[in-house]
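Remarks on the structure that follows.
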Amino acid sequence: MTRQKPWVQLGLLPCTAIAFLLCPCCHATTHWQWNSIPVIGNALQAHGMTDTADASVIINPSLEYPIFHGKSALWSLPDSCHEMIQRELSSLSSSSSSSDDDNDVGKKKKKEKVALLLMLAGYGDAAHDVLLGTTLDNLQEAEYAATHRGQTNWAQEHPLSDLDDVLHSLIHRIYEGSRHGEGGYTGYENAQYWCAGGPKKYEAPIAAKAEWNNYEATTPTTGVLLLAKVYQELCQLALKHTPICVSRGIIAQAPAVEAVPIIDKTSTLTKQQLAKESDQHKRSCRGVSHSIIAGGGKFRDVFVPEGCWDPIAFCQLLLLLENDDDDDDEMNNGGKEDTTNANTNRRLLLQQELEYLTEKELELLAKHLLLSSSSSF
C-alpha cells in the first residue's frame, strides 16, 4: 500500500473511490479510497485494521500474482493485517471443544471474512492468496504449490466455497478489469468464470441462484444466504437510481425461452397448486443466457433468471465503457447522427451509474458479511 496525499478531497465526488474502474489505462496509474466510504471504514476499524481504515491512505489497485513467482503477498502486509489474519484463522485451530466438522466450517467462514477484509482494504493479491487457502502458517507450502501447479494436491485440499467463488470473481473484476491475468484471460473473463462457480460449472451465477431461492445445495451456507440479501438490495437500488444500467440488463429481464408448462392430468394437486407450479415453471424458463469461459479454451452457457442481479452483464457494461468508442452501436443505440456531446453525456451518465452501483455493492458486502449480527462470522 502506498501512502500519499489524497488525490481528491473527500466529498467532492460521491464515487471518486472507484473512478479507476472506468478508464482502460487507469488500473495501473490511479488510486482509490474505499476506506472513505463510512461502512467500509467502520468494518476495517472494527476488525483492528486501523492503518487501512485511515481515510488519508491511498491504495494502488493491481494484481501482480507474486505467489506464482514464489512469494506470497501476505509477506508484505502491514502488522495490523498480520494480527487480524492470525487472530481470525488461528483461533479455530486452537479450539479443542469443537468437532473436526465444526472446525472446518468455521475455518471456511473465517477465510471468507479475512479475504473480504483484505479486498476492501486494497490488498487484492493478499485476498486472492487467502481465498486459495494461504495462511501465515502454511506460506512455504502454498508458495511451493503455486510454483509447481498440477504437481501437488493443494487444490483438492483447499477447495473453494461458493462465497469464495463470488469474492474471487469480485477481485478479478475490480482489480484487473480488462487487463490480462490468470490463465491468460482478462479480469472480466475470470470474473464471469468464478461468479458461476468456476470449475463447479453452475448453470447460473451463485448470487442469482441464492437470490432466486433456487440454490442447488440442500442447505445453502450462511454466507450464500447473506449474498442473496446483498444482491436483492442492490437490485432495489439499481431500479431506483440507475435507469440506464437497468435498461442495459444488469437485472435480468428478457425471456430466453418461452416454455409452456407441462401439467400432469393425473396429478392430485389442486387447481391453485397447479397454477403455482405452472407459474414457477414459466419463470424458470425466463431470463438471460450468457456465454462465458469454461477453461481449456472452451466456453459454456450460463443462465440468469428473470429479475435477478446479472454480474455477467455488469462486467460487459464496464468493458463497453472502457472501450470508449464513440461509434459503438450499443452506446449510440444505432443513432449515427448523435453528436459527440450527446455521446459524451450518455457515457458520463453510464459511468456515474456504474460507479454508484460498485460503491453500493461494496457497502452492502461490508454491511451484511462483516458488520451484521446475523453474519455468524
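Tabulated results
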{"quantity": "Cβ pairs under 6 Å, 6+ apart, first in the range 75-86 and within 10 Å of residue 136 (Cβ to Cβ) and open to solvent by less than 30 Å² (accessible area, probe 1.4 Å), second in a loop (DSSP other than H, G, I, E, B) and among the small types (Gly, Ala, Ser)", "calculated": "none"}
{"quantity": "Candidates 176, 189, 157 - the one that is at pLDDT 90 or above and open to solvent by less than 10 Å² (accessible area, probe 1.4 Å)", "calculated": "176"}
{"quantity": "Members of the range 337-354 found to be in a helix (DSSP H, G or I) and surrounded by fewer than 20 Cβ atoms within 10 Å (Cβ to Cβ), listed by number", "calculated": "340, 341, 342, 343, 344, 345, 346, 347, 348, 349, 351, 352"}
{"quantity": "Unmet requirement for residue 184, which otherwise passes all of (1) of a type outside the set (Lys, Arg); (2) on the phi < 0 side of the Ramachandran plot; (3) open to solvent by 40 Å² or more (accessible area, probe 1.4 Å); (4) at pLDDT 90 or above", "calculated": "(2)"}
{"quantity": "Residue within the range 128-151 that is outside any helix (DSSP H, G or I), surrounded by fewer than 21 Cβ atoms within 10 Å (Cβ to Cβ) and of a type in the set (A, V, I, L, M, F, W, C) present", "calculated": "yes"}
{"quantity": "Subset of the range 355-377 that is small (Gly, Ala, Ser) and at pLDDT below 90 - its residue that is surrounded by the fewest Cβ atoms within 10 Å (Cβ to Cβ)", "calculated": "373"}
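The values are calculated or read from the model by the stated rules, or taken from the named source; none is laboratory data. A quick note: this is a predicted structure, and the numbers were derived from the prediction, not measured. Note that each Cβ is placed from the backbone with ideal geometry, even for glycine, and that neighbours are counted across all protein chains shown. Remember, those area values only see protein heavy atoms, side chains included, never the ligands or the DNA or RNA. Shrake-Rupley method; radii C 1.70, N 1.55, O 1.52, S 1.80 Å.
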